[in-house]
Amino acid sequence: MVQQSTSALDLSFAALADATRRGVIEQLGQGEASISMLADRFQMTLTGMKKHVAVLERAGLVVTRKTGRVRQCRLGTRGLAAEAQWIEAHRALFADRFEALDDILDELKQERCHDLPEQ
């Protein structure tokens, strides 16, 4: 079970690591678009855009369907809930660690003030 979850997260984060693919997600948030329209929008070749869409599709973030010679893209229904949950858990972990570090630094400052000779 953990292996599947990690694999899905890996696919999602790898897909979202690229600025063009994040842009495609944003564009599709406004509605369906053909791969050729996306290629024009991002000033790239049709082949290049097909590769980006394939990565997004493999991660479940985009769904495509072919109508005649045109491949239409839309956002997938999976969403990013698991990714958001992972990020939140790690954000909380870091917040706790930084809070503990702040406590240690405060203690060290207090000790230093007590160790200084009075003038």
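The values are calculated or read from the model by the stated rules, or taken from the named source; none is laboratory data. The model shown is predicted, which means the values in this text are computed figures rather than measured ones. Backbone-built Cβ (ideal geometry, glycine too); neighbour counts: all protein chains shown.
How many residues are among the aliphatic types (A, V, I, L, M) and either more than 14 Å from I25 (Cα to Cα) or surrounded by fewer than 19 Cβ atoms within 10 Å (Cβ to Cβ) (or both) when one looks only at the range 40-69?
First pass over the range 40-69, keeping only residues among the aliphatic types (A, V, I, L, M): 44, 46, 49, 53-56, 59, 61-63.
Applying the additional criterion that residues be either more than 14 Å from I25 (Cα to Cα) or surrounded by fewer than 19 Cβ atoms within 10 Å (Cβ to Cβ) (or both) yields 44, 46, 54, 63.
Residues flagged as among the aliphatic types (A, V, I, L, M) and either more than 14 Å from I25 (Cα to Cα) or surrounded by fewer than 19 Cβ atoms within 10 Å (Cβ to Cβ) (or both) within the range 40-69 amount to 4.
Filter the range 7-25 down to residues that are surrounded by 13 or more Cβ atoms within 10 Å (Cβ to Cβ) and polar (S, T, N, Q) and give me whichever is farthest from V53 (Cα to Cα).
So in the range 7-25, the residues surrounded by 13 or more Cβ atoms within 10 Å (Cβ to Cβ) come out as 8-9, 11-16, 18, 20-25.
Checking which are polar (S, T, N, Q) leaves us with 12, 20.
Details: S12: 13, T20: 10 Å.
Per the stated criteria, the residue is S12.
Return the residues of the range 14-45 that are outside any helix (DSSP H, G or I) and among the small types (G, A, S); say none if nothing qualifies.
First, the residues of the range 14-45 that are outside any helix (DSSP H, G or I): 17-18, 29-34, 42-45.
Correct list: A17, G29, G31, A33, S34.
For the range 70-86, how many residues are surrounded by fewer than 13 Cβ atoms within 10 Å (Cβ to Cβ) and of a type outside the set (G, A, S)?
Counting residues in the range 70-86 that are surrounded by fewer than 13 Cβ atoms within 10 Å (Cβ to Cβ) and of a type outside the set (G, A, S) gives 3.
For (1) modelled with pLDDT of 95 or more; (2) in contact with a strand residue (DSSP E or B) (Cβ under 8 Å, 6 or more places away or on another chain), each residue gets a yes or a no:
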site: A19; (1), (2): yes, no
site: L28; (1), (2): yes, yes
site: I35; (1), (2): yes, yes
site: G48; (1), (2): yes, no
site: H52; (1), (2): yes, no
site: L56; (1), (2): yes, yes
site: R65; (1), (2): yes, yes
site: C73; (1), (2): yes, yes
site: G76; (1), (2): no, yes
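Failed condition for V63, given (1) under 28 Å from the mean Cα position of the chain (by Cα); (2) not assigned by TED's automatic domain parsing to the domain that holds A39, with all others met?
So V63 meets the others, but not (2).
Does any residue in the range 66-95 that is not assigned by TED's automatic domain parsing to the domain that holds I25 and in a loop (DSSP other than H, G, I, E, B) come within less than 7 Å, Cβ to Cβ, of a residue that is among the β-branched types (V, I, T) and loosely packed, with under 11 Cβ neighbours inside 10 Å six or more places away or on a different chain, and which pairs are these?
none
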